[in-house]
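Colleague: Sharing a structure, written as structure tokens. Questions coming.
The values are calculated or read from the model by the stated rules, or taken from the named source; none is laboratory data. Computed from a predicted structure; not experimentally measured. For neighbour counting, all protein chains shown are included, and Cβ atoms are generated from backbone atoms with ideal geometry for every residue, glycine included. For the accessible areas, the whole protein counts, side chains as well, though only heavy atoms, and no ligand, DNA or RNA atoms are used. Shrake-Rupley method; radii C 1.70, N 1.55, O 1.52, S 1.80 Å.
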Amino acid sequence: MIAKEFEYRRPATLGEATHLLADHPGSVRVLAGGTDLVAWLRDDAVAPDLVVDIKDIPELRDIRLDGQTLHVGSLVTFTDLIESDLVHDHAPLLVEMAETVASPGIRNRATMVGNICSAVPSCDAGPVLLAYNTTVHVTGPNGSRSIDINDWFTGLRETARTEDEVVTHLAIEVPKHGGVYVKLMRYAGEDLAQAAVGIVVYPNLDYRVAFGALAPTPIRSTAIEAELQGKELDDALINRVVEMVPDEISPITDMRATAEYRTHITGVMLRRGLVAAVERLEGKGPEYGTRLI
Amino acid sequence: MELEVKVNGEQWMLNVAPADVLLDVLREHVGTKSTKIGCERGDCGSCTILMDGRTVRSCLVLAVEAEGHEIVTVEGISYEGLSELQNLFLRINAFQCGFCAPGIVLSATELLEHNPNPTRHDVQEALAGNLCRCTGYEPIIEAVLAAGRPESGPGQGETP
Ligand code: FES
Ligand code: FES
């Protein structure tokens, strides 16, 4: 049961949605898949006067490739990603990530954009989208703007989106690349990440390394990226960047794992992840979806 | 608010509040008690229903969101007798208290619909979000695998 009463609207256009949002400052929430929002409503973690359901706005459902840019609309669910040929062919890393999200019953409903809007530290989409060049497109009552994913996560459960804005889609650059998402869970199957590593590597040996569940927000490690930049992987290089891990993350101890364990295991995941990402770039290595930990 | 929704093939007109959760409305207004209240936060799968053929957790859906959609619960797949899958669950004794059963049957139904011959790994993945406190899962997995195997007889993997 949800104790707090609220008004519910399901506008058919983006314009209508943003005006509804703008008219209720301080007490409005956007609803897409609802897998976070409904749970938060029940917990009284949020208590809006108005909930704006965006599921009737058709243009938010698109998955489309424009040159080397993959557009993923804000209503695209994790199941949609898993079942999309376009995503399989051009960004299999998104599929690898999506398959680790909770359970099919959640994935059928939860959206990737909702995942980064909720912005919990363990959100699976965070490290992967940070590892790609991703732009978040939002529309508000005064027009549209784009936000670099590197500026998106502003704090624990906080993002650069203002309250009167709706995310329309993500634009993800997908030139030839190899990638990996390594997620540590207590058991195979439904669980939140205790630690997660997202890596993308391009043919010019430009590396992108991001972490999830290891800081208040998903984070990129530009220091590790700089060390790797332009270099072929070898044991000495991998050892060097693994040694950098403790300075790059700020894990907590909770019921899932201690900070010490998280730090140690992140080094292991980075090591295996780097090797797999480079192998995949070369068309070899473990198939996407193979668990590395 | 008026809510028009199809449940197990019947069209319903319901009067609900925006804060009403679909799980509660199904049980209280429609009367489909197979849909169980467990964790109410998306973790256990006991409230699983099919919405337009896909499993969703009805504890995480507002009733008003179901407007215009088609919902199926275990009652809905059993009108013309038990499905092949349900019979296999019976034969293999895959449940003890049965609290998890409706959710598991629907999750397995969705799996077999999309993947008529699943591997053990596929079954484990598909049921990972459905918790069972009694069986240890083995007989459940066995029953779903049997439903996927061609030698289990005609009708396997088909939805009624
Ligand atoms: S009651 Fe819905 S998942 Fe547990
Ligand atoms: S049979 Fe009791 S919970 Fe599964």
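Colleague: Can you pull out the strands (runs of 3 or more DSSP E) entirely within the range A:19-128 that have at least 3 residues that are open to solvent by 20 Å² or more (accessible area, probe 1.4 Å)?
Modeller: A:63-66
Colleague: Let me ask something else. With respect to B:Glu10, is the statement that it is surrounded by fewer than 18 Cβ atoms within 10 Å (Cβ to Cβ) and in contact (Cβ under 8 Å) with a residue 40 or more places away in the chain true?
Modeller: The answer is no for B:Glu10.
Colleague: So, in the range A:246-267, how many residues would count as being crowded, with 16+ Cβ neighbours inside 10 Å and not in a helix (DSSP H, G or I)?
Modeller: Matching residues across the range A:246-267 total 4.
Colleague: Of the residues that make up the range B:87-110, is at least one among the hydrophobic types (A, V, I, L, M, F, W, C), more than 16 Å from ligand 2 (Cβ to nearest atom) and in contact with a helix residue (DSSP H, G or I) (Cβ under 9 Å, 6 or more places away or on another chain)?
Modeller: no
Colleague: For the list (1) in contact (Cβ under 8 Å) with a residue 60 or more places away in the chain; (2) buried (at least 24 other Cβ atoms within 10 Å of the Cβ); (3) within 16 Å of ligand 2 (Cβ to nearest atom), I need the number of the one condition that B:Val5 fails.
Modeller: Of the numbered conditions (1) in contact (Cβ under 8 Å) with a residue 60 or more places away in the chain; (2) buried (at least 24 other Cβ atoms within 10 Å of the Cβ); (3) within 16 Å of ligand 2 (Cβ to nearest atom), the odd one out for B:Val5 is (3).
Colleague: Name the single residue, out of those in the range A:131-155 being at pLDDT 95 or above and in a loop (DSSP other than H, G, I, E, B), that is nearest to A:Cys117 (Cα to Cα).
Modeller: A:Trp152
Colleague: Quick check on A:Ala32: is it free of Cβ contacts under 8 Å to residues at least 24 places away in the same chain, small (Gly, Ala, Ser) and not assigned by TED's automatic domain parsing to the domain that holds A:Gly140?
Modeller: It is false that A:Ala32 is free of Cβ contacts under 8 Å to residues at least 24 places away in the same chain, small (Gly, Ala, Ser) and not assigned by TED's automatic domain parsing to the domain that holds A:Gly140.
Colleague: Can I ask one more? Filter the range A:1-18 down to the residues that are more than 16 Å from A:Asp164 (Cβ to Cβ) and assigned to a strand (DSSP E or B), then identify the one that is nearest to the other protein chains (Cβ to nearest Cβ).
Modeller: Among those that are more than 16 Å from A:Asp164 (Cβ to Cβ) and assigned to a strand (DSSP E or B), it is A:Tyr8.
Colleague: Now, a different point. Has the range B:65-72 got any residue that is under 17 Å from the mean Cα position of the chain (by Cα) and either within 16 Å of ligand 1 (Cβ to nearest atom) or at pLDDT below 95 (or both)?
Modeller: The answer is yes, given that some residue of the range B:65-72 is under 17 Å from the mean Cα position of the chain (by Cα) and either within 16 Å of ligand 1 (Cβ to nearest atom) or at pLDDT below 95 (or both).
Colleague: Something else about it: For a quick check of your reading of the model, give me the residue pairs whose first member lies in the range B:80-95 and is closer than 13 Å to B:Glu142 by Cβ and among the β-branched types (Val, Ile, Thr), whose second is within 16 Å of ligand 2 (Cβ to nearest atom) and open to solvent by less than 40 Å² (accessible area, probe 1.4 Å), with beta-carbon atoms closer than 7 Å and at least 6 apart or on different chains.
Modeller: Going by the 7 Å Cβ cut-off, the qualifying pairs are B:Ile92/B:Pro139; B:Ile92/B:Ala143.
Colleague: A further question on this structure: Only one of these is near ligand 2 (Cβ under 10 Å from one of its atoms), within 14 Å of another protein chain (Cβ to nearest Cβ) and more than 30 Å from B:Gln11 (Cβ to Cβ): B:Leu131, B:Leu127. Name it.
Modeller: B:Leu131
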